[in-house]
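Colleague: The structure that follows is given in the form of structure tokens.
The values are calculated or read from the model by the stated rules, or taken from the named source; none is laboratory data. Everything numeric here is computed off the predicted structure, so don't read it as measured data. Cβ coordinates were reconstructed from backbone atoms using ideal geometry, including for glycine residues, and neighbour counts include every protein chain displayed. Calculation scope for accessible area: heavy atoms of the full protein, side chains included, ligands and nucleic acids excluded. Shrake-Rupley method; radii C 1.70, N 1.55, O 1.52, S 1.80 Å.
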Amino acid sequence: VDGRTVHGEDVAISGCDIDDVASSSRIALGATGTTPRGLNIHHCRIRRSGGHGIIAQDYISDVDISHNVVLTTGLLVVDRPGITGSRSGSGLVIHGNILVGGSGSLGTSVHAISIDRTEGAAVTANVCRGWDKGYGIEAGMCTDSSLAANTISACKDGISLSGDAFGTCDSVAIVNNTIR
């Protein structure tokens, strides 16, 4: 589903199995100047993606990515996380997903979950395991967001908050996570 060519609202993707995709399993790309709203990705299984597993990017608001299984991403393209919410508007929910990394991923910063430049994100009750080249959860330049009740194990690092010349994280709550 590519929001650059299909401008829709209230889109639901559910119960899909996606295996061995050479590039990203591109789900929900927005475009500068558009504001797609109401994207729900639930109960999908994505295995061995060349790039991202699930990506909701570029000004998409009210996104709910819940109860999916993502296994091994970044096999052909460097540094592609399992689930990415990037440059999203507001209202990003990433909840109850299982993300398992793999040693075949390329690059040095392949993360289970990456949120970037989002407002009002809730990353809760996810299981992130085996992302040995990256973080369980990476949050960059996020505001008014919550990272809570996630379980992170066998990852290079647990949780990362980051900023750059364009901004920093502000009002991010990190509560009741388990990191091993």
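Colleague: Note down the accessible area of THR73, probe 1.4 Å, to the nearest 10 Å².
Modeller: 0 Å²
Colleague: Residues with amide H under 5 Å of ILE18's amide H, sequence separation 5 or more or different chain, H placed in the peptide plane at 1.01 Å from N; which?
Modeller: ARG45, ILE46, ARG47
Colleague: Still on this structure: Please build a GNM for the chain, connecting alpha carbons under 10 Å apart, and tell me which residue among SER105, SER14, SER86 fluctuates the most.
Modeller: Looking only at SER105, SER14, SER86, the largest GNM fluctuation is found for SER14.
Colleague: Moving on to the next point. Give me the percent of accessible area attributable to carbon and sulfur for the chain, probe 1.4 angstrom.
Modeller: Summing carbon and sulfur atoms, their accessible area is 51 percent of the total for the chain.
Colleague: Moving on. Under the Kirkwood approximation applied to all pairs of distinct alpha-carbon atoms, what is the hydrodynamic radius of the chain in Å?
Modeller: 15.6 Å is the Kirkwood radius here.
Colleague: Please state the relative contact order of the chain as a whole percent: Cα pairs under 8 Å, 6+ residues apart?
Modeller: Rounded, it is 15 percent for the chain.
Colleague: Please calculate how many Å² of accessible area the chain carries per residue, with a 1.4 Å probe and no DNA, RNA or ligand atoms counted.
Modeller: With the other protein chains kept in place, the chain gives 43 Å² per residue.
Colleague: While we're looking at this one, here's another question. I want the local charge near ALA12. Using Cβ-Cβ distances under 15 Å, sum +1 for each Lys or Arg and -1 for each Asp or Glu among the other residues.
Modeller: Spelling it out: positives minus negatives among the neighbours equals -3.
Colleague: With θ set to phi - 60°, apply the Karplus curve 6.51 cos²θ - 1.76 cosθ + 1.60 along the range 42-58 and write out the HN-Hα couplings as whole Hz, x wherever there is a Gly or Pro.
Modeller: 10, 6, 9, 10, 10, 10, 6, 8, x, x, 5, x, 10, 9, 10, 9, 6
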